[in-house]
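The next block holds one structure in the form of structure tokens; read it before the comments.
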Amino acid sequence: MKKIITPACLAICLSAMTATSIAQLTQPNEEALTRLYSGKVYSPYAERNFPERPLWGDNHLHTSLSMDAGGFGNRLSPREAYRFARGEQVISSTGQPVRLARPLDWLAITDHSDGMGFIIDVLAASPLVTQYEQGARWSQGFRAGGQEAVEATLDLIKTFSQGKMDKEMFANYSPGSRRYGTIWDQVIDDAEQFNNPGEFTAFIGFEWTSLVKGNNMHRNVIFRDGGDRARQVVPYTTFPPMGSTDPLDLFKYLEDYETRTNGAAMAFAHNGNLSNGIMFPVDAQYTGKKLDKFYVEQRAKWERMYEITQIKGDGETHPLLSPDDEFADYGTWDVGNLDLSEAKTDDMLAGEYAREALKNGLVLEKRLGTNPYKFGFAGATDSHTSLATAEENNFYGKHAGYEPSPERLTHPFMKNENGELFSWQQVPSGLTAVWALENTRESIFDAMDRKEIYATTGTRMGVRFFGGWEFTRADVESREPAFNVYGKGVPMGGDLPPAPKGAKAPGFMVYALRDPIGANLDRIQIIKGWMDSKGKTHEKVYDVAWSGDRKPAADGKLPPVGNTVDVPTASWTNTIGASELTAVWTDPDFDAGQSAFYYARVLEIPTPPWYAYDAFRFGTEVPEGAPTSQQERAYTSPIWYTPAGK
């Protein structure tokens with residue numbers, strides 16, 4: 001079965017889908033009746049023990065406390081960031097009123113741990129800064145404003161990226177200093193003030209900004225706990241002697257935190273696409289040390305998810321890594337490393353993208369006994385404006401210098417002798433949807449830990465994905481599929497249970513509902529990766545559900561859904577696509593002796609990119625060479641299969 005389309009139904013957010021009604025069921029047997037009504041209590045909504053709706057949030061946002069954010073003009077504190085995320089109107093750093101179309105359910109502010117609050121004193125010309133040549137120079141540039149401020153910020157970022165900060169000056173803004181401790185206390189106070197269990201969750205966290213000669217190794221850290229435990233530590237940094245750029249040292253920090261406080265924390269990486277090949281090693285770390293059992297076990301323990309999409313590019317895969325995937329080239333940043341101090345070469349790509357890492361994880365599991373890249377998929381903005389804007393028509397840029405204006409498309413985002421990134425290449429992405437039991441720190445963190453999460457590029461489509469051995473068409477047609485499927489299989493992020501006797505191949509139940517105020521759906525795809533008996537990895541993309549009456553061509557490719565985008569008015573119509581797509585799909589190429597993973601990718605119909613809205617609202621032109629439409633998407637966390645006895 002290749003196509004299943006049912007009427008639109010908002011109830012997916014309550015774990016419900018459009019159903020075949022009871023009246024349509026002819027001669028219902030006991031199994032069918034049990035599927036419709038469990039019989040435990042009269043009310044089918046009482047005593048549920050599974051997540052009912054996805055909770056939407058951003059786990060990577062920067063405020064004026066981050067050096068680069070403040071340097072580029074962000075003047076909004078964490079308090080304004082929380083207010084904005086929960087749906088209030090705020091005034092941006094450039095004086096513009098801004099509000100989200102819909103509030104977020106949760107937010108993690110993750111300001112850079114190195115030099116947290118440093119930029120505030122630079123702007124204030126504090127003697128803690130201006131007594132040093134670097135600090136005095138930057139302070140003068142920032143206070144001058146305009147292009148001088150931009151150049152001062154770029155110089156600061158480059159100096160930090162290359163590890164050349166004045167050690168004595170930076171010690172004033174590092175763990176152990178009074179100033180640093182005061183700022184961390186305020187970060188915790190703000191999170192505690194805005195955390196409102198059941199209504200809005202504010203996580204305590206930070207970003208560990210590891211840069212190896214400009215190669216991005218960043219991780220964000222999120223605590224499950226409140227201020228009583230988080231105050232017992234300060235953030236881990238990369239600047240010696242208190243910090244390190246080695247992820248293994250960050251993992252030691254997390255281990256120490258949990259031992260000291262009896263709390264819980266996790267780390268997750270982002271922007272492997274800017275690491276120049278060192279984010280997902282297969283043979284050796286960037287230090288030259290060979291991967292060993294300790295490394296893979298530590299990474300598997302502490303990195304439970306990966307930020308697959310964000311403002312600095314999409315990280316699912318690359319066209320050169322997945323040449324048969326026609327949708328691989330989305331939000332691609334492949335010019336160089338984080339600061340463009342080194343150009344990208346094709347041989348670096350395999351160590352940068354999530355799909356390739358998932359495949360290499362199977363190889364490492366066979367070699368070392370643990371899969372270090374067994375992560376769920378998260379999406380985040382990485383916005384440095386304090387504004388978690390992931391919508392194309394409400395995009396406030398990477399930093400304050402790219403907040404809406406007629407000029408923001410007239411200059412490159414980054415440019416030097418190694419290459420250029422254009423302003424229009426900023427990606428208004430993304431969000432993380434969490435299948436949590438309730439809106440609390442503990443419940444959301446636990447869902448992240450078990451990887452029952454999915455990432456989107458900003459759209460809020462609803463997606464469920466389950467794997468098992470006994471799914472049938474009737475399961476997906478039930479009005480309450482979640483009643484049954486949690487007992488018959490595993491959700492996204494899980495491991496397939498051993499095959500029951502007689503089972504030949506696993507099946508996957510997937511269903512998606514369009515964003516209620518967004519675009520219709522084009523198709524659902526399932527991406528499979530596996531390792532053969534010789535240790536070689538493979539991948540394949542399967543179209544499993546789609547809108548309309550399209551039929552695959554002779555090469556197996558499904559024709560495009562069409563395109564209704566009107567560029568001059570930055571608009572589109574939902575006259576194509578489907579409001580809801582569902583499928584039960586069985587792997588036709590399954591080999592019980594091969595390790596594998598599966599995840600779903602859901603594509604919307606084409607819609608206008610953010611710069612088309614700029615062109616319409618400001619009366620400017622769409623930049624030359626920029627695509628005039630795009631297909632936003634969701635990525636579910638994978639489900640893994642491990643052969644028996646392995």
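The values are calculated or read from the model by the stated rules, or taken from the named source; none is laboratory data. Just so you know, these numbers come straight off a predicted model, no measurement behind them. Quick reminder, even Gly has a Cβ in these numbers, built from the backbone with ideal geometry, and neighbours come from all protein chains shown. The protein model used for the area step is the full one, side chains on, heavy atoms only, and it has no ligands, DNA or RNA in it. Shrake-Rupley method; radii C 1.70, N 1.55, O 1.52, S 1.80 Å.
Length gain on complete extension for the stretch K534 to Q89, per 0.36 nm per residue less the alpha carbon to alpha carbon distance?
Details: separation 445, 0.36 × 445 = 160.20 nm, distance 5.74 nm.
Answer, rounded to one decimal: 154.5 nm.
³J(HN,Hα) across the range 86-99 via Karplus (A = 6.51, B = -1.76, C = 1.60, θ = phi - 60°), whole Hz, x for Gly/Pro?
Rounded to whole hertz, the list is 8, x, 7, 7, 10, 9, 5, 5, 9, x, 9, x, 8, 8.
Taking 25 Å as R0, compute the FRET efficiency from the Cβ-Cβ separation of L320 and E342 and round it to 0.05. Please list the in-between numbers first.
Numbers: r = 18 Å, r/R0 = 0.73.
So the FRET efficiency works out to roughly 0.85.
Which net charge results for the neighbourhood of L107, defined as the other residues with beta-carbon distances under 10 angstrom from its beta-carbon, given Lys and Arg at +1 and Asp and Glu at -1?
Working: positive: R86; negative: D58, D105.
Neighbourhood net charge equals -1.
Let me spell out the model: positive unit charges on the Cβ of Lys and Arg, negative unit charges on the Cβ of Asp and Glu, origin at the Cα centre of the range 355-395. What dipole size does that give, in debye rounded to 20? Numbers along the way, then the final one.
On the way: 5 positive and 5 negative charges, 96 e Å.
Once rounded to the nearest 20, the dipole reads 460 debye.
Relative contact order of the chain, please, whole-number percent, based on alpha carbon pairs below 8 angstrom and at least 6 residues apart.
Values: 1529 pairs, mean separation 100.2, N = 646.
Here the relative contact order equals 16 percent.
Going through the cross-link list K451/K540; K40/K501; K301/K366, which pairs have a Cα-Cα distance over 19 Å in this structure?
Values: K451/K540 22 Å; K40/K501 29 Å; K301/K366 17 Å.
Violating the 19 Å Cα-Cα cut-off are K451/K540; K40/K501.
Any idea which of H411, Y373, H384 is furthest toward the positive side of the dipole for the range 342-457, if Lys and Arg beta-carbons carry +1 and Asp and Glu beta-carbons -1?
Y373
Put +1 on the Cβ of every Lys and Arg and -1 on every Asp and Glu Cβ in the chain; which of S113, Q425, T459 then has its Cα farthest towards the positive end of the dipole?
Towards the positive end, the residue furthest out is T459.
At 0.36 nm per residue, and after removing the present C-alpha to C-alpha distance, how many nm does the segment from E133 to T182 gain when stretched out fully? Let's see the in-between values first.
On the way: separation 49, 0.36 × 49 = 17.64 nm, distance 2.50 nm.
My answer for the length gained is 15.1 nm.
How do the peptides 41-49, 244-252 rank, highest first, by the average count of neighbouring beta carbon atoms within 10 Å per residue?
Values: 41-49: 10.1, 244-252: 18.6.
Descending packing order for the listed peptides: 244-252, 41-49.
Using the heavy atoms of the protein chains alone and a 1.4 angstrom probe, what is the accessible area of the chain per residue in square angstrom?
For the chain, the per-residue accessible area is 38 Å².
Which residues in the range 429-459 place their backbone N less than 16 Å from a point set 7 Å from the Cα of A101 along the Cα-to-Cβ direction?
Counting backbone N atoms under 16 Å from the label point, the list is 429-432, 456-459.
Rg and Dmax of the range 544-598, Cα atoms, in Å?
Reported Rg and Dmax, both Å: 16.7, 54.
Would you mind counting up the charge near A505? Only other residues with Cβ under 13 Å from its Cβ, with Lys and Arg at +1 and Asp and Glu at -1.
On the way: positive: K504, K528; negative: E470, D587, D589, D591.
Neighbour charge sum, excluding A505 itself: -2.
Sorted by mean Cβ packing within 10 Å, highest first, what order do the peptides 395-401, 639-645, 504-510 take? Intermediate results must be reported in sequence, preceding the final value.
Working: 395-401: 24.9, 639-645: 16.4, 504-510: 20.6.
The peptides rank, most packed first, as 395-401, 504-510, 639-645.
At each listed q (0.16, 0.17 Å⁻¹), what is the log10 of I(q)/I(0) that the Debye formula gives for the range 449-541 modelled as equal alpha-carbon point scatterers?
For the requested q values the scattering log ratios are -0.83, -0.92.
Among residues other than D614 whose Cβ falls under 13 Å from its Cβ, what is the net charge (Lys/Arg +1, Asp/Glu -1)? Please list the in-between numbers first.
Numbers: positive: R408, R617; negative: E392, E403, E407, E621.
After counting each charged neighbour, the total is -2.
Of E199, E477, which has the most accessible area with a 1.4 Å probe, and how do the rest follow in descending order?
On the way: E199 125, E477 55 Å².
Largest to smallest exposure gives the sequence E199, E477.
7 Å from Cα along Cα→Cβ at both Q232 and L248: what's the point-to-point distance in nm?
2.7 nm
Name the long-range amide H neighbours of S383: under 5 Å, sequence gap of 5 or more, or other chain; modelled H, no Pro or chain starts.
H62
Could you derive backbone 3J(HN,Hα) for the range 381-388 from the dihedral phi with the Karplus parameters 6.51, -1.76 and 1.60 (θ = phi - 60°), listing whole Hz in sequence and x where the residue is Gly or Pro?
Listing the rounded values in order: 8, 6, 5, 10, 10, 6, 10, 7 Hz.
How much FRET efficiency would the formula 1/(1 + (r/R0)^6) give for D589 and R79, where r is the Cβ-Cβ distance and R0 is 51 Å, rounded to 0.05? The partial results should precede the final answer.
Numbers: r = 53 Å, r/R0 = 1.04.
E(calc), rounded to 0.05, equals 0.45.
Out of every Cα pair in the chain, what percent are spaced more than 36 Å from each other? Write down the numbers at each step before the final one.
Numbers: 75626 of 208335 pairs.
So the portion of pairs separated by more than 36 Å is 36 percent.
Select from T332, Q285, S322 the residue farthest towards the positive end of the dipole of the range 259-390; place +1 on Cβ of Lys and Arg, -1 on Cβ of Asp and Glu, and compute about the Cα centre.
Comparing the listed Cα positions along the dipole, Q285 ranks first.
Could you give the alpha-carbon Rg of the range 37-131 over 2.2 N^0.38 Å, rounded to two decimals?
Values: Rg = 20.4 Å, N = 95, 2.2 N^0.38 = 12.4 Å.
For the range 37-131, the normalised Cα radius of gyration is 1.65.
Rounded to the nearest 10 Å², what accessible area does E621 show when all protein chains are kept and the probe is 1.4 Å?
Surface accessible to solvent at E621 totals approximately 150 Å².
With a 1.4 Å probe and every protein chain kept in, tell me what percent of the accessible surface of the range 556-605 is carbon plus sulfur.
Details: 1000 of 1780 Å².
So the carbon and sulfur contribution to the accessible surface is 56 percent.
³J(HN,Hα) across the range 426-437 via Karplus (A = 6.51, B = -1.76, C = 1.60, θ = phi - 60°), whole Hz, x for Gly/Pro?
3J(HN,Hα) across the range 426-437, in whole Hz: 4, 10, x, 9, x, 9, 10, 9, 10, 8, 9, 6.
Tell me, what % of the accessible area of the range 24-183 is carbon and sulfur with a 1.4 angstrom probe?
The value for the range 24-183 is 49 percent carbon and sulfur by accessible area.
With a Förster radius of 51 Å, plug the Cβ-Cβ distance of H411 and S43 into 1/(1 + (r/R0)^6) and report the FRET value to the nearest 0.05.
Numbers: r = 59 Å, r/R0 = 1.17.
Between H411 and S43 the formula returns 0.30.
Quote the Stokes-Einstein diffusion coefficient, in whole µm² s⁻¹, for the range 141-185, based on the Kirkwood radius over alpha carbon pairs, a temperature of 20 °C and a viscosity of 1.002 mPa s. Intermediate results must be reported in sequence, preceding the final value.
Details: Rh = 11.9 Å.
It comes out at roughly 179 µm²/s.
When the accessible area of the range 278-409 is computed with all protein chains present and a 1.4 Å probe, what percentage of it is carbon and sulfur? Provide the component values of the computation, followed by the final result.
Values: 2010 of 4020 Å².
Of all accessible area on the range 278-409, carbon and sulfur atoms account for 50 percent.
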